[in-house]
Every structure is written in C-alpha cells, then in structure tokens.
Amino acid sequence: MAAPGGGPARQQRGWSWTGWLALALVALAAGGCVSSQARYAAPVEGMAQPGGQGPWPLPAVAPGELASLQPGQRPALATDEAGIWMVMDRTEEEYKEAGNRITDPELAAYLQEVVCRLTPEYCADIRVYALRVPYFNATMAPNGALVVWSGLLLRVHNEAQLASVLGHEIGHYLRRHALERMRDVVNTTNVLAFVRLAAAAAGVGVAGDLATLAAAGGLSAYSRDQEREADGYGLALMARAGYDPRQAAALWRQVIAEKDAGEDKTFSLMLFDSHPPSEERLAALDELAGRLVAGGREGSLEQERYQAILAPHWLDLLQDELHLRQFGRTEVLLSSLAQAGTDPGRLRFGAGELHRLRNQAGDRALALAAYTEAIAAPTHPAEAHRAQALLLRERGEAAQAREAFHSYLAERPAAPDREMILHMLTQETP
Amino acid sequence: MKRAIVRLIPVLLLMMSGCSYFTLVESGTSQTVGEVFRVQPRLAWSMHEDHGVVFWTIDGPALHRLTFVPAVDSGEGLDLGFGPTRDLPAFADTMTPLEIMDLVEATLARSDCHGIEKSDLKPARFGTLEGFRFQMAFATRSGLRYRGLVAGAVQGRRLHLVLYAGSDLYHYERYLPEVTAIIDSMEIL
C-alpha cells in the first residue's frame, strides 16, 4: 500500500514532494541554491547543471524514472516493487536470526543512531544489521534493511568514515537504485536467482565462497550515474549531520592501499566490485568535499567515540581478518589503524598474531617482539601473555615462559585453558 | 513406456551406487574407524564416510554428529566435515594442546562457523595416550547453535582427534553420555 500522497511506484513521474525535500536537503548541505531548472535531485550544489555541464555532470531524470522514496512509504500491493519488498522482508528475517549477526545492543543502537543522524526523516524506515563477515561491504535493500559487514567496521578509522559509507547506501535507498537493480535481476534472470542474490547479503565465512561473494557484489552493482548520485547524497548527508566530508575519499584511499598490498590480486574486498573507486570518482569526492569545507562545513571525525564502541569487538574482528590469511593486506590494515590512533595494546597484539600465523623466516622473533610491546601497553589483552609464553617455551626459555603463563592466568582467572596450563607447568617443574 | 522404465532401472542403480550412503554401526560391538581407532558404542549409530572423513550420527548429521579425524600429519589441515576445506590452517607436530584448540577454532571459522567459544581445556587420556579434551560452542550462518566436545592426542608426529557436535537445544546433551563412553573406550591401533 502506498503512503498518503504516493501512488503506485511505476506510475510516478517527475517531481514528487520528496524530490523537493531532497532539493531542500541540498540547499541545506551546501549552504547555497540549486538551479530551479535542474530536474535531478542533485544533493550538492553544482553537481548537476542544466545541459549536463559542470564539474560532475549528471543526467536529468528520464520520463517514468522513479522518484525518491517518501518517509514511511511502502509500495502499492499490485506492483512488482511490493513483491521485491516482500522477498527482502523475508530475507531481513534471516538477518535477524543469522548466526553471524553481531547482537551487541550498544553497537546496534550506535549504528542506528548514526543512520538517524544522517537522515532523521527516514530514521524509522531504515534498520541496520551488523554481520560478522570479514570483507569490506555494506548493502542497502529497497525495504530499508541496511547490512553492514564487520570487515567494514574493522577498517573505518572514525565515525565520519562510517557515515560516508552509510550515507552513500542511504543515497541508493532514497533514490531507489536497489529497486531498479533488483528489477533488472528479476527481469534478466529469474526470481530464484534474485532470492539467492538477496540472501547473499548475509555474507560468507572466512573461506570466502566465491560464488556467494560474486552474488553479493552483483546485487549491489549500480550504474556509474547511480554511484555518483549516491556519492553526492552521502557527502551531503555527512555534511548536514556535521561530519567531515573529506573522510569519504580518505577511506577509499586507505582501502585501495590495502587491496594493492594483497597477495592474491583476484581477492575481492567486495565493495570494490560494486563501487569501483576510479581516479575520477576520488577526484570528484575530493572536489565536492572541498567545496563543502570551503562553505564552512568542516565537520567532525568522532574518532574516540567510534573506537570506544568498537573496542569490545575489535579482537574478534581482527581474528576473522587473520583467518583469511591475507597477511600482506592485513599488515597494511594494521599500519593504517596505527595511524588512526588505535589502542597500541591491541594493535601490537594483532601484529604479533599476524607474524605468528604467517610463520615465515624471522616471523617468530617479530611476533615475540610485538607481544612484548603489546604487554607494555596497559590496555593489552591477556592473550598477549599466553602467546608470549608459547613462543618463549618454543625457544626453550622455560622460566620466562612460566612467568608469562602465570601473568596470563592472573589477568584471566577464568581462562578456558587454565587447567591445561597448570598441568603443563606442573609437568615442567624440575 | 513400461519397457522404457525397465530399461532405466540399471541406469538408476548405477547412478545410486555413486550416491552417499550410511551404514549401520551395531551397538555393543567393537568398531574400527579409519584403521586407527577402535571404539565400543552402546547404541546403534549410522556411519557415513566422505573423502576420508568418517562421522557417525543417530538422528541426522545436521542435528548431531561424531566426527573421527585420525592420523593428521604435520602440515595437513583438519577436515572436520563442516564446510569448505581449502586453505585450512595446518597442524604442526610441535603444537601444544593450547595451540591445537586454537587450530580447531580456526578450522571451524574457515568452515563458516561463527561465535566460536572454547572452554574447559584439560588433560585427559585418549586411548593409552596422554591427550586432552575441551568444549566448544558455535553457530552456523543460518543461526543453528551447536555445542561440541573435542578429544584428541598427538602420537609421534600425528594428531588423532574426535569432534562431537550437537544442537545446543537438544541433541548435544541427549547423546553426550554415549559419546563420552565411546571416547573412553577408545583404543589406538
């Protein structure tokens, strides 16, 4: 059923009141005005200019193209859009029950809060699900189910970077890009293929089932024009919410560096498949962000808040990343997180784990040094002592190993391996 | 038509011979598994073997299963029968039980298991060997929560392991006494 004022989705033409709302949003974000001749919901001043000229020309809305979604709107029952929503509603139920869903209520409330800060008008329409999948991705379904994979949470440095991705996905949602994409899938393949694609957003394990990865990427593969439009919305929403818009391009540059360092060049970071970060795109993001900053919208990073929320999950997410065994890439990731001021106790422990698992020439010594550095930081995980003890034991340094084991058990009295460690220490007593 | 169906029967039989199948494991009799383990079940089980991985079940493998992983050489991964087996982390004969527990965790993580929790690692006899046991809990991606018991030992350069996993809701507890008795009856051949 359509919301008041909204007719059947396929019959909508030209400007609805949401189009004007988007335009108002543009004016608010850019602090300027948009040409009244522009028929496109350009979210940042200067993005769209009559005749397709300008720094980032965008096409006008073609006759019959979908208008923006209205707050609270659901599609009329007799439309194909309603069918797609129904499938996505069912898929959303699977997200709720998924074994890899991160159920931490604080993290869930935080992600929802960021969405509501970005777009208070649609706060009640968008529901966020964080899933433990160690790839860099977020997907937005036409019904408002926004899925964030944990690989993205591990990689972003601050709330502004997170907001850049969420804002971009919200841009796709507001402009109903996903609906268009899903229509294409339904029309060109079949409904079963579509259902499979929809379910793929729930993610893959660390083994990286390539077919599922490809499916998840395929569902969110938008046209270049749609990507540009979503980028514009993302930046505008970020700026309006008071986030630093320059963080959008900064995030892409971090992830490009990481991908370039990967051993397996065919390895997918997911969002690259559907959102190829071309030079043109990065330049446009820089230019638009620069324009917003020049207009007095420098914004904030909210780095400490983000890192505090993520802290209880950080080690688990890093372990997921290490299970992928893409050590070159993880090394770049850790270096990037060090620059972002991630807690050194956890970060050096992560570096130790990387070297221990890679286990090439010199890695054992590097691992031991990293664990020792981690332990020097007051925020180190207790597991750093355990890992240090195992390496010292391997080197025949029994007394130091014993001491490290005792430190581990002192810091984690309910350790899952307590009884075995005590047994090992008893056996080794001279 | 009838003649066509009759002609199809040998073809179907040939095809069925390639299907996976279960064989009966009789209760109260000594059973040899993988030419390495000999155990004594008290209940009747169904056995399935797939690419060298042997597991037993009573109510169905999705609900509970007892997987036997005999004689894993140094440098090999553990195929626990839970999912993809490529790029599995490898066993090393220098590993302590602590590291073997981490190895099982990493293997399950690569098999699309989530929320893995480990507990109660302690020394325990495994046949005549000095071995270990620990407990686990994890969920599949679809959300089914399992509990597990792992027992094993290193013999020479080889790891012998048994993993029992059952649904947290019912099956794990239901068959745990039987599984414990089977592990206690273990002989290494």
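Report the net charge of residues surrounding A:His380, where surrounding means a beta-carbon distance below 15 angstrom and charges are Lys +1, Arg +1, Asp -1, Glu -1.
-1
What is the extension gain from A:Arg412 to A:Leu315, computed as 0.36 nm multiplied by their sequence separation minus the C-alpha to C-alpha distance, in nm to one decimal?
Full extension from A:Arg412 to A:Leu315 adds 33.4 nm.
According to a simple spin-label model (label point 7 Å from Cα along Cα-to-Cβ), what is the distance in nm between B:Leu24 and B:Ala44?
0.5
Can you order the peptides A:241-248, A:122-129, B:32-39, A:321-328 by their average number of other Cβ atoms within 10 Å per residue, highest first?
Numbers: A:241-248: 24.0, A:122-129: 18.5, B:32-39: 16.5, A:321-328: 20.4.
Peptide ranking by packing, descending: A:241-248, A:321-328, A:122-129, B:32-39.
Taking each residue in B:130-139, count the Cβ atoms of any other chain within 10 Å of its Cβ, then average. What number comes out?
2
Would you mind calculating the gained length between A:Glu97 and A:Ala376 on full extension (0.36 nm times residue separation, minus the Cα-Cα distance), in nm to one decimal? Walk me through the numbers before you get to the answer.
Numbers: separation 279, 0.36 × 279 = 100.44 nm, distance 4.03 nm.
Taking A:Glu97 through A:Ala376 to full extension adds about 96.4 nm, to one decimal.
Which aspartates and glutamates does A:Lys259 reach when only Cα atoms under 16 Å apart count, and residues fewer than 8 places away in its own chain are ignored?
Candidates past the 8-residue exclusion: A:Asp273, A:Glu279, A:Glu321, A:Glu331.
Once the Cβ-Cβ distance between A:Ala257 and A:Leu366 is put in as r, and R0 is 22 Å, what FRET efficiency do you end up with, to the nearest 0.05?
Working from the Cβ atoms, E equals 0.55.
Per-residue Cβ counts within 10 Å, from other chains only, averaged over A:419-427: what number is that?
4
Per DSSP helix of 4 or more residues, -39500 (n - 2.57); summed, then divided by the residues of chain B. What does that give at 222 nm, rounded to the nearest 500?
After summing the helix terms and dividing by residue count, I get -7500 deg cm²/dmol.
Determine the shielding of peptide B:106-118 by partner chains: average, over its residues, the number of Cβ atoms on other chains within 10 angstrom of each Cβ.
Details: counts 6, 1, 2, 10, 7, 3, 11, 4, 13, 7, 2, 1, 3.
Going residue by residue through B:106-118 and averaging, the value is 5.
Since every read-out is calculated from the coordinates, none of them should be taken as a lab result. None of the values given here were measured: they were computed from a predicted structure. For neighbour counting, all protein chains shown are included, and Cβ atoms are generated from backbone atoms with ideal geometry for every residue, glycine included.
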